[in-house]
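Read through the structure below, which is laid out as structure tokens, and then see the notes.
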Amino acid sequence: MRLPLHALAFLAGIVWVETRSTLDVLTPFIPLIILVAAMCGRYGPRAVTTLGVGIAWAWLRAAIALPAPLPPDLNGTDLVITGDVVSLPEVAPGRIQFDFAPEPDSEPRLPTRLRVSWYRAERSPRAAERWQLEVRLRSPRGFANPGGYDYEGELFRDGVGATGYVRASVHNRLLGRRAAAYPVLALRAAIVDLIEQTLDGSPATGVVAGLAVGAAQGISGAQWQVFAATGTTHLIAISGLHVTMVAALTMLLAQVLWRLRRKSPPRSVRADITCLSGAVAATAYALLAGFSVPTQRTLIMLLVGLSATWLRRAQPPSHVLSLALIAVLIFDPHAMLTPGFWLSFLAVAAIFVGVGSLLTWRRPLRTFLATQAAVSVALVPVTVWLFGSLSLISPLANLVAIPLFSGVLVPGVLLALALAWLAPWLGAWLLQTVAGIFDACWPLFEWAAQLPGALVYLTAPDAWQVLVLAITALVMMSPLPWPLRAPGFLLLVPLVLSVPERPATGDFMLATLDVGQGLAVFVRTRAHSLLFDAGPAFVSGRSAGDLVVVPYLHHSGIRNLDMLVASHPDNDHIGGIAAVERSLGVRTVRHGGRRPQVKASAASCARGESWFWDGVRFEFVHPAASERWDDNDGSCVLLIAGRGGSALLTGDIEGDAEAALTAHHALPHADVVIVPHHGSRSSSTEDLVGRTRARYAIVSAGTGNRWGFPHEAIVDRWCAAGAEVIDTANWGAISIRFDSATGIGRPRSERRDHRRYWHATTPLAGESLCLRQQ
């Protein structure tokens, strides 16, 4: 048990560092940690030493990996730089995105790796090409919302120090190919090109490229949704299962070739060469996959096992898994930040713990079913913890998908690529045949994904709930007889009966989501929910609805919206509505201006329309049904009043609409105001600011937006009126509780409360913009 204990201690030390909000607090204590670890290694528990080594190693790698901040004078400045395309470009309608390694001679202060988007490019850059580009860069930045994806974390793990886009310029030109400098990348790009040319727009193109070289960029959003609903996402790109299969097939081929020879070397030599062939094949395939975490884990485990065979020293499975864990964390301690790290290691551990002696080739069906059951049970807690969702049909779907992908599609793709170099016509035919098999099976997966309850979204679990799930999973996988394991399900009773915290009658919660330059506000009473706008749609085809609003609502346990308000038809307010309606039930829609394209029943918002939900009053105070306003001034304005306070949601109204609002409506005091039009100079008149007497003025605006929102004069005006001005650019998502017992709670900042050391520095996270004006 010593090696597994040391592996877990090493992991614990790394996890502790990777969950810190800053490294500055830890830095002075690193020498002390190393000293204590060394002393424990000599005089105390050696696991403490391993824990200290894990902390020190994670801190050292984090300090090295953190890119130097982009100099302020380069942030938002147009630069002409020369460099290499060092990733497989991701192509979307109207946009191509790729990683770019600039030459130091271009600008010595630039980070070593940039992530660049090029809109409407005349010629798409290809991997391993050298280009001269005119770019505009900024420091890495992502949205900060509960349940949202940590894009800044992805950039940090990938070593990206700045993001930006290519400017339309005469300076943009191809300088040449750099295949010799990036041979593996060039080979992967050549394989993707071959697949795209052979399949010529087939729906299977992205999946085949993912199975061949781990390039899943061509898989459509609709396909990803089907894979997620059926729990088969792990099979799409090159996975550990595929690497194992390639090694096994290579070793089997080697054994067959030995038997075909009349004279063969001694058995020990044959075994050594067979092991070597499997190791080489697995390593080559892992390199083609871009050396992702699942392939790292599998490759290291295979190398450890094959080395033990070569050295004639058998190792217990727990030691093999522990060595693989330690090796992966030494190679890349940031790997534990990826869901694949936890899923892959727990899956293998579940096979060893839950299946054990059942692993035998004599009864393959029983082994396969037992393995599938053990993995499915073991991954429930971590899946719920990481994703807040659970595919109920995943075990059954994988019974079909695993043999299809690992037994048919992957071998077929690899064989087709090998034949493509020897007999191109035969390789093309086989590749098209594999794509045809996938296309023929795809309707089955689509049907399964549409089954009621195929993918269940769960409210973000508390730590005790995840612990209960983990204990239940361990009991279910234990070697105890079933009569003793069955009572383990009783542990789930408090979990099932637990109810998420909701506002009391008369209270409500308001969350202004971080959608960049746009607006999305969620309001929740005890039994009802309302969404006011849904953020922008982007050129890439994605939207704030996909990336922010829907994940947040799922994270909050929302399955249906009682009302969706589209304040007015500008993209930055309604661009995400289609994604919201596609993912959740929407009972009714109110809109300003022209009717948005929605399936739910819709009507224009009109002054005087009011209703009560759970003791909270909602009222539209603008525009009047008889008035006709243009664009921004036609925005719906919603007043919400509960026992604990009130809020005014203003959309993009400007001076004329504000004057009409105050003239036709005895505008009461509003504790919280969503600042009109993101803080533009044409809004927030003195009359509106003075009448509302807001305690908090919330600005929803993108970081460094080109309009300069919020303007300093507007911030000054709200501050002078006694309001605290807070913004999503610095705070991330902002949530406020209106409680009848305690009044208005202090606003919560997602960027402050859940900060990690790699996140962008935001001095005003959790602070009022009024401090900046002082």
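The values are calculated or read from the model by the stated rules, or taken from the named source; none is laboratory data. These numbers come from a predicted model, not from an experiment. Don't worry about glycine lacking a Cβ; one is built from the backbone with ideal geometry, like all the others, and counts go over all protein chains shown. Just the protein is used for accessible areas: all its heavy atoms, side chains included, with ligands, DNA and RNA removed. Shrake-Rupley method; radii C 1.70, N 1.55, O 1.52, S 1.80 Å.
Every condition in (1) out of contact with any Lys or Arg (no Cβ under 6 Å at 6 or more places or on another chain); (2) in contact (Cβ under 8 Å) with a residue 12 or more places away in the chain holds for TRP731 except the one numbered (1).
If a residue has to be in contact with a strand residue (DSSP E or B) (Cβ under 8 Å, 6 or more places away or on another chain) and over 16 Å from HIS568 (Cβ atoms) to count, how many in region 527-541 make the cut? Please lay out each step first, then the result.
We begin by selecting, within region 527-541, every residue in contact with a strand residue (DSSP E or B) (Cβ under 8 Å, 6 or more places away or on another chain); these are 527-537, 539-541.
Okay, now just the ones that are also over 16 Å from HIS568 (Cβ atoms), so 527-530, 539-541.
The number of residues fulfilling the criteria is 7.
On inspection, SER556 qualifies as among the hydroxyl-bearing types (Ser, Thr, Tyr), open to solvent by 10 Å² or more (accessible area, probe 1.4 Å), under 25 Å from the mean Cα position of the chain (by Cα) and within 18 Å of HIS754 (Cβ to Cβ). Filtering region 57-110 to residues that are assigned to a helix (DSSP H, G or I), open to solvent by 20 Å² or more (accessible area, probe 1.4 Å) and aliphatic (A, V, I, L, M) leaves LEU60, ALA63, ILE64, ALA65.
If you check PRO623 against the conditions, is it open to solvent by 10 Å² or more (accessible area, probe 1.4 Å), more than 23 Å from PRO710 (Cα to Cα), in contact with a Gly (Cβ under 7 Å, 6 or more places away or on another chain) and of a type outside the set (S, T, N, Q)? Yes: the conditions hold for PRO623.
Residues in region 588-605 that are more than 24 Å from ASN560 (Cβ to Cβ) and either crowded, with 16+ Cβ neighbours inside 10 Å or in contact with a helix residue (DSSP H, G or I) (Cβ under 6 Å, 6 or more places away or on another chain) (or both): GLY593 only.
Taken together, LEU417, LEU390, LEU426 contain a single residue that is of a type in the set (A, V, I, L, M) and at pLDDT below 85, which is LEU390.
Would a scan of region 330-345 turn up a residue that is open to solvent by 20 Å² or more (accessible area, probe 1.4 Å), over 23 Å from the mean Cα position of the chain (by Cα) and modelled with pLDDT of 80 or more? Yes: one or more hits. When restricted to residues that are modelled with pLDDT under 70 and crowded, with 16+ Cβ neighbours inside 10 Å, region 6-33 contains 3.
Taking region 168-243 as the region of interest, the helices (runs of 4 or more DSSP H) fully inside it that hold 3 or more residues being at pLDDT 85 or above and open to solvent by 10 Å² or more (accessible area, probe 1.4 Å) are 183-199, 221-230. Residues of region 112-144 that are over 23 Å from ALA701 (Cα atoms), touching a strand residue (DSSP E or B) at 6+ places or on another chain (Cβ under 6 Å) and among the hydroxyl-bearing types (Ser, Thr, Tyr): SER124 alone. For SER567, the conditions (1) touching a helix residue (DSSP H, G or I) at 6+ places or on another chain (Cβ under 8 Å); (2) modelled with pLDDT under 95 all hold with the exception of (2). If you filter region 691-712 down to residues that are at pLDDT 95 or above and outside any loop (DSSP other than H, G, I, E, B), you find that the one that is farthest from ASP514 (Cα to Cα) is TYR696.
Picking from residues in region 83-125 that are under 19 Å from LEU175 (Cα atoms) and acidic (Asp, Glu), the one that is modelled with the lowest pLDDT is GLU122. Checking each residue in region 412-454 for being in a loop (DSSP other than H, G, I, E, B) and open to solvent by less than 80 Å² (accessible area, probe 1.4 Å) picks out ALA423, LEU451, GLY453, ALA454.
Across region 279-293, the qualifying residues are those that are under 20 Å from VAL192 (Cβ atoms) and assigned to a helix (DSSP H, G or I), and the one among them that is modelled with the lowest pLDDT is LEU288. For region 714-761, a residue qualifies if it is open to solvent by less than 40 Å² (accessible area, probe 1.4 Å) and acidic (Asp, Glu), and the qualifying residues are ASP727, GLU750. For region 634-681, a tally of residues being surrounded by fewer than 24 Cβ atoms within 10 Å (Cβ to Cβ), of a type in the set (Gly, Ala, Ser) and in a helix (DSSP H, G or I) returns 4. On inspection, VAL715 does not qualify as of a type in the set (Val, Ile, Thr) and under 17 Å from LEU510 (Cβ atoms). The single condition among (1) at pLDDT 95 or above; (2) part of a helix (DSSP H, G or I) that ASP546 does not satisfy is (1). Candidates in region 579-605 are the residues that are without any contact (Cβ under 8 Å) to a residue 40 or more places away in the chain and aliphatic (A, V, I, L, M); of these, the one that is nearest to PRO500 (Cα to Cα) is LEU584.
Would you mind finding the one in LEU404, LEU390 that is outside any helix (DSSP H, G or I) and surrounded by 14 or more Cβ atoms within 10 Å (Cβ to Cβ)? Spell out the reasoning first.
Numbers: LEU404 fails: outside any helix (DSSP H, G or I).
The unique qualifying residue is LEU390.
Of the residues making up region 126-144, those that are of a type in the set (A, V, I, L, M) and part of a loop (DSSP other than H, G, I, E, B) are ALA127, ALA128, ALA144.
Taking interchain pairs and intrachain pairs at least six residues apart, which have beta carbon atoms under 6 angstrom, with the first residue in region 148-172 and over 20 Å from TRP118 (Cβ atoms) and the second open to solvent by less than 20 Å² (accessible area, probe 1.4 Å) and in a helix (DSSP H, G or I)? Pairs that qualify, where the first residue is over 20 Å from TRP118 (Cβ atoms) and the partner is open to solvent by less than 20 Å² (accessible area, probe 1.4 Å) and in a helix (DSSP H, G or I), are GLY148/VAL548; ARG157/HIS334. May I ask you to verify whether GLY704 is without any contact (Cβ under 8 Å) to a residue 40 or more places away in the chain and surrounded by fewer than 21 Cβ atoms within 10 Å (Cβ to Cβ)? When the stated conditions are applied, GLY704 does not pass them.
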